[in-house]
Amino acid sequence: MSKVLSPSRELDGTLVRGLAWTGGVKWSAQVFAWASTLIVARLLTPEDYGLVGMATVYLGLVTMISEFGVGTTVLTLRELTEYEIAQLNGFSIILGVVGFALSCMAAIPAGWFFKSPRLPLVIVAMSTTFLITSFQSVPAALLQRDLKFKLISLIDGTKTFVLAFATVLFALGGLRYWTLVLGAILSTMIATSLTLWNRRHRIAIPRPRTLSHVLRFSWHILVSRLSWYAYSNSDFVISGRVLGQLALGSYTVAWNLANVPVEKITGVLNSVTPALFSAVQKEKESLRRYLLNLTEAIAFVTLPLSVGLGLVAPDFVQVVLGPKWLSAIAPLRFLAFYVTVRSLTPLIPVVLNVVGESRFNMWSSIAMAVVLPVGFYIGSHWGNAGIAAAWMIAYPLAALPMYWRAFRKIEMPWSDYLKVLAPAALGSLFMAVAVLALQRSMSGGYSLPVRFFATVMAGAVAYLLVAGSMNYHRRHVLAKALKMLRA
């Protein structure tokens, strides 16, 4: 007789397997993607990338508007009927057609604005992705809602592998900037085809009267994303506009160094958590448990990475990038410390959405879109370091209301949240003491590479000793996860 697992235990296993498949495939495919990018970059010119970059800036915003949060709506509102989902499927296709038409009309004016006669044709070609992805939005969300993480990761991996080989072939064939255009279209076609092959849903004509509550939720998601797009790009705009192109280059490098490593880690979790939280949206105890466990896991990895980078930023920049990037040190330090909060925050809006607080989430994003750019402009009086410091100071304060509302809705005390952060926080504190003490003792008579390597190793050992010993009583969690993976 087979053993019947409880729903909670089954969901735990789904989470672990989802993280394993998503992380394994994503990081394996990323190796091929990076190799392809390096090869293509050597074959193409900066002008080719610049031309497609102009189109991408515009299309990124239009894509966000044309999708209208349909996928997130299907994933989050689990009480939707089959007929309502079919209407949303039809609505998504209509949005794709409208997005394509608007882009075609805006193509020539965009070419005039950027003073690029080749840009309109590029925009028209890349706008076909609106039509293609419109058929995918609802089926892809249904796959997530059904917790088909293995299938989703295999689709993403296949898309990345094929795209990597295709773009190299296009570049070798002398297609120049069309390499990037055709790559974007091919990537969309592969993802949509594989998604529809595995999960289709019927299409119905949308009726606004029956979808009013659904479209209201979608509107909240759309406004939240537009607000995020505004404040997350305003620092680059202010740096370039107020401080100049050279300063913007240094700030961009600092931002990428501080954020990309953490994004690769949290990106895997963020691919799984919306569907997981949606599955237990009516169970406050389960929401609390998953939020705390995932927060503890994220903090254990991201806090030492970000705090450690902030501590060794001067040596890191000089050893890895060279003296010409010294201007990136100051903003890198502030951004690294800001990332400690940013890596934990994305889970909170997901919780708010699944407990019916999408409207509050929207207004919180709008408030950030007002407060943060003002902080960046004030901070720009002290250069890039001031802009980065504005992230470190203003973002946690602006995010506090979201934390307060989410904890209140799932009835979780702050003490529980701070308790799971304690091992990583104290470990990072002891790591900071070890690194600063070693830097002081090695300030003279040692080369930069030697000092950099020694401080990194000392910090890692100090962190693992403290955080690891505090988490020793939870070693059974890791053993359980490994057992699930083996099964």
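The values are calculated or read from the model by the stated rules, or taken from the named source; none is laboratory data. For clarity, every value in this text was computed on a predicted model and none was experimentally measured. Reconstructed Cβ throughout: ideal geometry from the backbone, glycine too, with neighbour counts over all protein chains shown. Only protein heavy atoms, including side chains, enter the accessible area calculation; ligands, DNA and RNA are left aside. Shrake-Rupley method; radii C 1.70, N 1.55, O 1.52, S 1.80 Å.
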For D235, which of the numbered conditions (1) more than 22 Å from the chain's Cα centre (by Cα); (2) closer than 30 Å to Q318 by Cβ fails to hold? (1)
Can you spot a residue in the stretch 263-271 that is open to solvent by less than 60 Å² (accessible area, probe 1.4 Å), farther than 28 Å from L372 by Cα and either touching a residue at least 40 places away in the same chain (Cβ under 8 Å) or more than 19 Å from the chain's Cα centre (by Cα) (or both)? no
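Okay, residues lined up against (1) open to solvent by 20 Å² or more (accessible area, probe 1.4 Å); (2) in contact (Cβ under 8 Å) with a residue 12 or more places away in the chain; (3) in contact with a Phe, Trp or Tyr (Cβ under 7 Å, 6 or more places away or on another chain); (4) not in a helix (DSSP H, G or I):
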site: A106; (1), (2), (3), (4): yes, yes, no, no
site: L131; (1), (2), (3), (4): yes, yes, yes, no
site: K150; (1), (2), (3), (4): yes, yes, yes, no
site: D156; (1), (2), (3), (4): yes, yes, no, no
site: F161; (1), (2), (3), (4): yes, yes, yes, no
site: A164; (1), (2), (3), (4): no, yes, yes, no
Filter result (assigned to a helix (DSSP H, G or I), of a type outside the set (G, A, S) and more than 24 Å from L332 (Cα to Cα)) within the stretch 373-411: P401, M402, Y403, W404, R405, F407, R408, K409
Got a sec? Which of L143, L169 is open to solvent by 70 Å² or more (accessible area, probe 1.4 Å) and assigned to a helix (DSSP H, G or I)? L169
Can you tell me which residue among T252, T192, T188, T179 is modelled with pLDDT of 80 or more and farther than 26 Å from I85 by Cα? T179
Residue check: is G267 among the small types (G, A, S), at pLDDT below 85 and farther than 25 Å from Y377 by Cβ? yes
From the list N353, N384, which one is surrounded by 20 or more Cβ atoms within 10 Å (Cβ to Cβ), over 22 Å from V253 (Cβ atoms), in contact with a Phe, Trp or Tyr (Cβ under 9 Å, 6 or more places away or on another chain) and in contact (Cβ under 8 Å) with a residue 12 or more places away in the chain? N353
Looking at (1) open to solvent by 20 Å² or more (accessible area, probe 1.4 Å); (2) part of a loop (DSSP other than H, G, I, E, B); (3) at pLDDT 80 or above, can you tell me which one W219 breaks? (2)
Within the stretch 223-238, is there a residue that is more than 30 Å from H381 (Cα to Cα) and at pLDDT below 85? no
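Okay, residues lined up against (1) at pLDDT 85 or above; (2) open to solvent by 90 Å² or more (accessible area, probe 1.4 Å); (3) assigned to a helix (DSSP H, G or I):
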| residue | (1), (2), (3) |
| --- | --- |
| F430 | yes, yes, yes |
| A434 | yes, no, yes |
| H476 | no, yes, yes |
| L482 | no, yes, yes |
What's the number of the condition L175 fails, among (1) open to solvent by 30 Å² or more (accessible area, probe 1.4 Å); (2) touching a Lys or Arg at 6+ places or on another chain (Cβ under 9 Å)? (2)
Of the residues in the stretch 336-368, those that are among the small types (G, A, S) and over 18 Å from the mean Cα position of the chain (by Cα) come to G356, S358, S364, A367
Those residues that are surrounded by fewer than 16 Cβ atoms within 10 Å (Cβ to Cβ), out of contact with any Gly (no Cβ under 6 Å at 6 or more places or on another chain) and modelled with pLDDT of 80 or more, I need them from the stretch 199-216; list them, please. R200, R202, R207, R216
When restricted to V370, V307, the only residue closer than 18 Å to A230 by Cα, open to solvent by 10 Å² or more (accessible area, probe 1.4 Å) and part of a helix (DSSP H, G or I) is V370
Output the residues belonging to the stretch 310-334 that are outside any loop (DSSP other than H, G, I, E, B), farther than 20 Å from G383 by Cβ and among the hydrophobic types (A, V, I, L, M, F, W, C). L311, V319, V320
When the stretch 442-461 is checked residue by residue, the ones that are open to solvent by 80 Å² or more (accessible area, probe 1.4 Å) and either at pLDDT below 85 or part of a loop (DSSP other than H, G, I, E, B) (or both) are S443, G445, Y446
